[in-house]
Every structure is written in C-alpha cells, then in structure tokens.
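One structure is given below, encoded as structure tokens.
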Amino acid sequence: MATREQAMKLGCSEVLEVEKNVPSKYSEQIFNFLLVLDFEATCWNKNECSAPSEIIEFSVVLYDIKLCKILNQFQQYVMPFEYPKLSNFCTSLTGITQKQVDAGVPIGTCLLLFNNWLKDLYKKHKFVFDSKDADKKQCAFVTWSDWDLGICLRKECKRKNIPKSDVFNKWIDLRALYMEFYNRRPKGLEGALSEVGLKFVGKQHSGLDDAKNTAYLAGRMISEGVELRITKSISN
C-alpha cells in the first residue's frame with residue numbers, strides 16, 4: 001500500500017482543497033518598487049505669515065512591493081533662502097532645528113544629490129519609470145496627498161528658476177486611493193494607519209518617518225486588495 005494511502009487509512013492525513021489560479025495581490029501590481037516621498041517645509045502659525053513654503057527636509061524611501069520591505073532611504077536637510085529663520089511653530093511641529101537647516105544645502109543641490117542617489121538605485125535594481133515594457137521592473141513615486149510634488153516642489157522650483165526632473169511629474173496619491181478603496185476619509189496618515197491595524201512608528205511630521213510609515217501603509221493596502229496606479233500627472 002502506498003505511503004499516502006496508509007496515512008489516510010490511519011487518519012494521519014487529510015485532503016485539503018487548494019483553490020487554483022488565485023492571483024497574488026502582489027503579482028497583480030503594475031509596480032515592483034515604490035519611491036515613497038515626504039517633504040517638510042517652512043510653516044507658520046495662523047495669521048503669523050503668508051509666505052510660500054520652502055522645503056527644509058527632503059526624504060524618500062525605496063520600498064520593494066514583493067519583499068514588503070524598505071530597501072534604501074534618502075534624507076537631506078535643505079537651507080531655506082526666502083525666509084531663512086524657522087518659526088517656533090515650524091520647529092515645534094517638525095522637530096527640525098535652525099542648526100540643521102543652516103547646515104543643509106540649497107534645494108538645487110539637494111535635487112542633484114537625490115538624482116545621484118537615484119542613479120545608484122537604477123544600477124542596482126534595474127527599474128524604470130512609466131515604461132510600457134512589461135519585462136521591465138516598474139517604479140513610481142508615492143505621496144500622501146498631492147501637496148509634496150503637485151504644489152510644494154513644483155512652485156519652489158518655478159520661483160527659484162531651478163530645473164526639475166520629469167520623474168517628479170507623475171505619482172500615486174496614496175490618500176486618494178485609500179479614500180476610494182475604503183470609502184472613508186482618514187484623520188491624517190496616523191489615522192489611516194490606525195484604521196488598517198498599524199501603528200505610526202517614529203515622530204509625526206518628520207519627513208523620513210512619514211515616508212516610512214506611508215510605505216508601510218502602502219504595503220498593508222496592497223495586501224488588502226488595493227491596486228496601485230498613477231493618480232496624478234503634471235507638466236513642469
């Protein structure tokens with residue numbers, strides 16, 4: 001008697017029905033990698049100042065969808081020029097000090113440093129942006145709302161006449177997909193994490209911590225069936 005038949009006769013084995021052709025939620029995704037981005041910018045209390053915001057922290061993490069893991073990170077403090085002195089409100093909210101931004105780099109230099117970091121990632125992980133080639137590993141920027149790339153970076157580069165790479169012109173607004181999929185408006189990033197059973201790790205309004213937590217939220221949303229797609233596209 002075959003070993004399998006003996007085991008079944010003795011009650012040591014059971015037959016499990018496996019549902020076939022069930023696609024993985026991860027394999028259904030268009031993208032292999034996510035560049036999850038978060039900026040912190042100059043800000044003031046209500047009625048204190050109406051000046052445009054300048055980026056003071058530029059943070060991005062590379063998230064591997066299949067591995068559900070952050071592979072690399074970029075963080076750079078940026079020196080504001082239009083209003084170089086941070087408000088007490090800004091420091092209290094973000095935790096970023098005057099000393100950190102004074103030791104930072106201009107936004108143009110920050111973009112060059114980020115571009116060099118991105119080139120190293122291209123070489124290592126072989127991903128592309130916005131390609132129709134299904135054989136290529138796909139990557140997209142992810143933000144929590146359209147503010148970072150749609151307003152903050154775009155307007156600052158325009159005011160300061162700084163060239164901006166086309167890679168920043170398309171992104172996934174994770175907040176928009178969250179509201180669409182769950183049919184509810186979360187109370188910020190922390191609220192969204194809490195609603196799907198996650199806890200915010202680190203300090204809120206720290207650009208790097210916000211980027212990491214947004215990546216973790218993206219991973220949870222994917223596991224629950226959200227299909228990521230580009231939600232916003234702009235011209236320079």
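Per-structure values
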read-out	value
Qualifying residues in segment 149-163 (those that are assigned to a helix (DSSP H, G or I) and of a type in the set (A, V, I, L, M, F, W, C)) - the one nearest to the chain's Cα centre (by Cα)	L149
Scan of segment 179-236 for residues that are among the β-branched types (V, I, T) and either under 15 Å from Q29 (Cα atoms) or surrounded by 12 or more Cβ atoms within 10 Å (Cβ to Cβ) (or both), ordered by number	V196, T214, I222, V226, I230, T231, I234
Check on K170, more than 23 Å from E224 (Cβ to Cβ), charged (D, E, K, R), in contact with a strand residue (DSSP E or B) (Cβ under 6 Å, 6 or more places away or on another chain) and surrounded by 13 or more Cβ atoms within 10 Å (Cβ to Cβ)	yes
Residue list for segment 144-157, restricted to those being touching a Lys or Arg at 6+ places or on another chain (Cβ under 8 Å) and within 18 Å of A211 (Cβ to Cβ)	W144, S145, D146, L149, G150, L153
Pairs where the first residue, in segment 188-207, is within 14 Å of L93 (Cα to Cα) and the second is among the hydroxyl-bearing types (S, T, Y) and surrounded by 12 or more Cβ atoms within 10 Å (Cβ to Cβ), C-beta under 7 Å, 6+ apart	H205/T94; S206/T94; G207/S59
Of all residues making up segment 53-87, the number that are more than 16 Å from the chain's Cα centre (by Cα) and polar (S, T, N, Q)	2
Residues located in segment 218-232, provided they are under 23 Å from L149 (Cα atoms) and either of a type in the set (D, E) or in contact (Cβ under 8 Å) with a residue 60 or more places away in the chain (or both)	A218, G219, I222, E227, L228, R229, I230, T231, K232
Elements of type strands (runs of 3 or more DSSP E) in segment 37-148, at least 2 residues being touching a residue at least 24 places away in the same chain (Cβ under 8 Å) and within 22 Å of V201 (Cβ to Cβ)	55-64, 69-77, 137-143
Top-ranked residue in segment 193-236 [being among the small types (G, A, S) and within 30 Å of K158 (Cβ to Cβ); ranked as modelled with the lowest pLDDT]	S235
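The values are calculated or read from the model by the stated rules, or taken from the named source; none is laboratory data. This one's a predicted model, so the numbers in the text were calculated from it and none came from an experiment. So basically every Cβ, Gly included, is an ideal-geometry build from the backbone, and we count neighbours across all protein chains shown.
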